[in-house]
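Nothing in this text is a laboratory measurement; each read-out follows from the coordinates by a stated rule. Just so it is clear, the model here is predicted, and its values are computed rather than measured. Note that we place each Cβ from the backbone using ideal geometry, even for glycine, and neighbour counts take in every protein chain shown.
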């Protein structure tokens, strides 16, 4: 049977990685498997079985080694129970080393304890030498290969969890986000969100992930709506656009004849650009050239005959 490409994650709300099922057949969503990774063998849960394989990564696909057994699942649970102790030990040794600006966020064992990753964050831009700390931990966990791995502020927030800046009891990154999308100030501007740091910055100190949720809808709506300060013609007269509501496709217009401060909302289909109307008016007012075939001469002749 031909091998399949399957999606696997290693934590409950973790990033999904793709593996080649290899010689392991009839895999289904929800099953657990042992896979080969750059950090040793790991136990993961199948989240999807792809019908069409995505582009092959550089170096080829990593393989599924075998299905996980009940013993593997018990081993994994046992080693997870030792992660807090490993994290505390690492923090104590970090304090002894007197290294400032570094925080140990989490310790992670693979399913059989043969690999230990110590995740840390750093306030420094330059990479900090933690070889002594790693060596001390290696002496304690002699049967595990110890690795120090630096993670970014968003990953730290995902691991720690807690209350979101918006008031939700669980942060989006901890609740359902499996990957982080690139976020920019442009997204906040397109949605008319205040650029005050308190409005657009998450608990991680980076731009909020939720800025991307409705960005595409706003960007698409703005393409078919007039820009602010543009003159338009409405059912109630001419005016200038002062605000937009992209999701409802309504335009707020300050009419020329209105008392200062009075505004009216119109659906985008109810208004038309003033410059386009003006261009048509000017074109209609231009004198016709001889034999121009515009229809005006014929109309004039018909009117003359009728007279």
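Per Stokes-Einstein, at 10 °C and 1.306 mPa s, what whole-number D in µm² s⁻¹ belongs to region 155-215, with the Kirkwood radius over Cα pairs as the hydrodynamic radius? Present the calculation step by step, with values, prior to reporting the outcome.
On the way: Rh = 11.9 Å.
Result for D is 134 µm²/s.
Normalising by the residue count of region 155-215, find the relative contact order in percent from Cα pairs under 8 Å and 6+ residues apart. Present the calculation step by step, with values, prior to reporting the outcome.
Values: 60 pairs, mean separation 18.9, N = 61.
Here the relative contact order equals 31 percent.
Let me have the 222 nm mean residue ellipticity of the chain computed from DSSP H runs of 4+ only, each contributing -39500 (n - 2.57), with the sum over all residues rounded to the nearest 500. Mind showing how you got there, number by number?
Details: 10 runs with 90 residues, N = 307.
Mean residue ellipticity at 222 nm (helix-derived): -8500 deg cm²/dmol.
Relative contact order for the chain: what is it in percent, counting Cα pairs under 8 Å that are at least 6 residues apart? Numbers along the way, then the final one.
On the way: 462 pairs, mean separation 28.0, N = 307.
Contact order relative to length: 9 percent.
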For this session: Measure nothing fancy, just the Cα-based angle from helix 70-80's long axis to the longest principal axis of the chain, in degrees from 0 to 90, nearest 10.
Result: 80
Problem set entry | Kirkwood-Stokes translational diffusion coefficient of the chain, alpha-carbon pairs, 37 °C, 0.692 mPa s, µm²/s | 128
Problem set entry | Rounded to 10°, Cα long-axis angle of helix 296-306 versus longest principal axis of the chain | 30
Seminar exercise, completed: Quick note on 168, 177, ordering by fewest other C-beta atoms within 10 Å, gives 168, 177
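Among 120, 218, rank each residue by its count of other Cβ atoms within 10 Å, from fewest to most, as a rough exposure measure. Write out the running numbers ahead of the final one.
Values: 120 21, 218 18.
Exposure proxy ranking, most exposed first: 218, 120.
Could you quote the convex hull projected area for region 79-151, Cα atoms only and averaged over all directions, in nm²?
Numbers: hull surface 17.4 nm².
Mean orientational projected area (region 79-151, Cα hull): 4.3 nm².
Which order do 96, 41 fall in if you start with the one that has the fewest other Cβ atoms within 10 Å? Walk me through the numbers on the way to the answer.
Working: 96 11, 41 16.
Going from sparsest to densest Cβ surroundings: 96, 41.
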For this session: Relative to the longest principal axis of the C-alpha atoms of the chain, give the angle of the C-alpha long axis of helix 83-97, reported between 0 and 90° and rounded to the nearest 10°.
Result: 90
For this session: Could you work out the mean projected area of the convex hull around the alpha carbons of region 62-189, in square nanometres to one decimal?
Result: 11.1
Exercise. Using 7 Å Cα-to-Cβ label points, what is the residue 131/residue 180 separation (nm, one decimal)?
Worked result: 2.8
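How large, in Å, is region 5-68 by the Kirkwood hydrodynamic radius built from its alpha-carbon pairs? Walk me through the numbers on the way to the answer.
Values: mean 1/r = 0.0856 Å⁻¹.
11.7 Å is the Kirkwood radius here.
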